[in-house]
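Each remark here refers to the structure printed beneath this line.
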Amino acid sequence: LQGAAWGYTSLYLFENAIDLHRFYLIAILCGMSVGAVLTLTPSLLGFSCYALPCTLPIVFTLLMQPESVFQHAGFMGIVFIIAIHILAHRINTSHWALRHSQRNLKAISEELIQHKDRLESLIQKRTQELQESRENYRQLIEEINDAIYEINGDGTITYISPMITPILGYKPENLVGTNFTNIIYHEDLEKIKALFQEVMSGRVHPAEYRVLDVSGSPHWVRTSSKRVPRVGSSPGIHGVLTDIEEEKLSELEKA
C-alpha cells in the first residue's frame with residue numbers, strides 16, 4: 001500500500017512540476033526503492049510489494065512522454081527495475097541459504113548438546129564406578145589382616161596400609177618416606193638387602209625375618225614381594241607383610 005501510494009503520488013507530482021523537479025522525483029523514487037529492497041528483500045517482498053508499485057507508474061508515464069529525454073529515462077527505469085529484481089533475487093537466495101545453514105547449525109548444535117549430555121552422563125557414571133572401586137579396594141587393603149606396602153627402587157617406603165599399626169605399632173605416616181632397612185633387625189639386615197636385590201631383578205619368593213617394632217624389639221614377619229614396572233619412572237616393589245610372631249613363638253616353645 002505504501003509503494004502504491006508513492007507510485008500514484010509520483011504521477012501527480014510529475015504532471016505538476018518542472019523538468020528539474022521531475023528528475024529529482026525520479027531520483028528520489030529510485031533511491032527509496034533501492035533502500036526498501038536492501039532492507040526488505042529477504043523474502044522478495046521489498047521488490048514485489050514496494051519497488052514495483054512505486055516505480056512502474058512513473059516508468060510508464062516517462063515512456064508516454066513526447067520528449068525523448070523522458071522516454072530514455074523510462075527505458076532506464078525498466079533497466080533499473082530489472083537490476084533491482086536481480087539484486088533482490090540474489091539477496092533472497094543468499095538469505096535463504098543463510099537460513100538453511102543456520103537450521104543445519106542449529107541441528108548440529110542440538111546433536112552436539114545431546115552427545116555432550118550423554119558423554120557427561122557416561123563420565124559421571126564411570127567416575128562413580130571408579131570411586132566405588134577405589135573405595136572397595138581401600139577397604140579391602142585396610143581390613144585384611146596383612147599389611148600392604150610399596151617400596152621404590154632405592155628402598156624408600158612410598159605406601160604402607162594402616163594394618164601395620166596393630167602389627168608393629170607404627171602409624172603409616174611414620175614409615176612413609178623412610179628407608180625400609182631402618183626397621184630391619186640387624187642380624188637379618190644383610191640377608192634382606194640381598195633379597196631386595198633379587199626381587200628387583202624379577203624373582204618372587206616369600207621371606208621370613210625380624211623387624212623392629214615401635215618399641216625397638218624384634219618382631220617376626222613374613223613378606224612376599226614382587227617387582228612392579230612403572231611408566232616414566234624406575235620400577236618398585238609391591239608386597240604383603242604378615243605377622244608370624246605368635247607362630248615363631250609356638251615353634252620355639254615346641255622346640
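Considering Leu189, Leu168, Leu112, Leu122, which residue is of a type in the set (A, V, I, L, M), open to solvent by 90 Å² or more (accessible area, probe 1.4 Å) and farther than 15 Å from Gly236 by Cβ? Walk me through it before giving the result.
Values: Leu189 fails: open to solvent by 90 Å² or more (accessible area, probe 1.4 Å); Leu168 fails: open to solvent by 90 Å² or more (accessible area, probe 1.4 Å); Leu122 fails: open to solvent by 90 Å² or more (accessible area, probe 1.4 Å).
Residue meeting the stated conditions: Leu112.
When you look at Glu132, is it under 27 Å from the mean Cα position of the chain (by Cα), assigned to a helix (DSSP H, G or I) and closer than 30 Å to Ile160 by Cα, yes or no?
Working: under 27 Å from the mean Cα position of the chain (by Cα): yes; assigned to a helix (DSSP H, G or I): yes; closer than 30 Å to Ile160 by Cα: yes.
It is true that Glu132 is under 27 Å from the mean Cα position of the chain (by Cα), assigned to a helix (DSSP H, G or I) and closer than 30 Å to Ile160 by Cα.
Would you check which residues across segment 20-39 are closer than 14 Å to Phe70 by Cβ, in contact (Cβ under 8 Å) with a residue 24 or more places away in the chain and of a type outside the set (A, V, I, L, M) and list them?
Result: Arg22, Phe23.
Six or more apart or on different chains, Cβ atoms under 9 Å: show the pairs whose first residue is in segment 227-253 and farther than 26 Å from Ile157 by Cα and at pLDDT 90 or above and whose second is of a type in the set (S, T, N, Q) and surrounded by 15 or more Cβ atoms within 10 Å (Cβ to Cβ).
As it stands, the answer is none, since no pair meets every condition given.
Would segment 43-51 turn up any residue that is over 30 Å from His100 (Cβ atoms) and either of a type outside the set (D, E, K, R) or open to solvent by less than 30 Å² (accessible area, probe 1.4 Å) (or both)?
From segment 43-51, those over 30 Å from His100 (Cβ atoms) are none; that's our starting set.
No, there is no match, as no residue in segment 43-51 is over 30 Å from His100 (Cβ atoms) and either of a type outside the set (D, E, K, R) or open to solvent by less than 30 Å² (accessible area, probe 1.4 Å) (or both).
Of a type in the set (D, E, K, R) and more than 30 Å from Gly3 (Cβ to Cβ): is that true of Arg99 in this structure?
Details: of a type in the set (D, E, K, R): yes; more than 30 Å from Gly3 (Cβ to Cβ): no.
Against the criterion (of a type in the set (D, E, K, R) and more than 30 Å from Gly3 (Cβ to Cβ)), Arg99 does not qualify.
With touching a residue at least 40 places away in the same chain (Cβ under 8 Å) and of a type in the set (Val, Ile, Thr) as the only criterion, which of Ile78, Ile84, Ile123 stands out?
On the way: Ile78 fails: touching a residue at least 40 places away in the same chain (Cβ under 8 Å); Ile123 fails: touching a residue at least 40 places away in the same chain (Cβ under 8 Å).
Being touching a residue at least 40 places away in the same chain (Cβ under 8 Å) and of a type in the set (Val, Ile, Thr) holds for just one of Ile78, Ile84, Ile123, which is Ile84.
Taking segment 12-31 only, how many residues are within 11 Å of Thr55 (Cα to Cα), of a type outside the set (Val, Ile, Thr) and open to solvent by 50 Å² or more (accessible area, probe 1.4 Å)?
1
Would you confirm, using the coordinates I've provided, whether Ile157 is in a strand (DSSP E or B) and of a type outside the set (Lys, Arg)?
Numbers: in a strand (DSSP E or B): yes; of a type outside the set (Lys, Arg): yes.
Yes; evaluated as a whole, the condition is true for this residue.
Looking at the structure I just gave you, is Val59 open to solvent by 30 Å² or more (accessible area, probe 1.4 Å), of a type in the set (A, V, I, L, M) and in contact (Cβ under 8 Å) with a residue 12 or more places away in the chain? Quick ask: steps written out before the conclusion?
On the way: open to solvent by 30 Å² or more (accessible area, probe 1.4 Å): no; of a type in the set (A, V, I, L, M): yes; in contact (Cβ under 8 Å) with a residue 12 or more places away in the chain: yes.
Judged against the criteria, Val59 is not a match.
Rundown of residues vs (1) within 23 Å of Pro172 (Cα to Cα); (2) charged (D, E, K, R); (3) open to solvent by 50 Å² or more (accessible area, probe 1.4 Å), yes/no style:
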| position | (1), (2), (3) |
| --- | --- |
| Phe196 | yes, no, no |
| Val214 | yes, no, yes |
| Val221 | yes, no, no |
| Arg230 | yes, yes, yes |
| Leu241 | yes, no, no |
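The values are calculated or read from the model by the stated rules, or taken from the named source; none is laboratory data. As the structure is a prediction and not an experimental result, all values here were calculated from the model. Cβ sites come from the backbone with ideal geometry, for glycine too, and all protein chains shown count toward neighbours. Areas reflect the complete protein model, heavy atoms only, side chains present, ligands, DNA and RNA absent. Shrake-Rupley method; radii C 1.70, N 1.55, O 1.52, S 1.80 Å.
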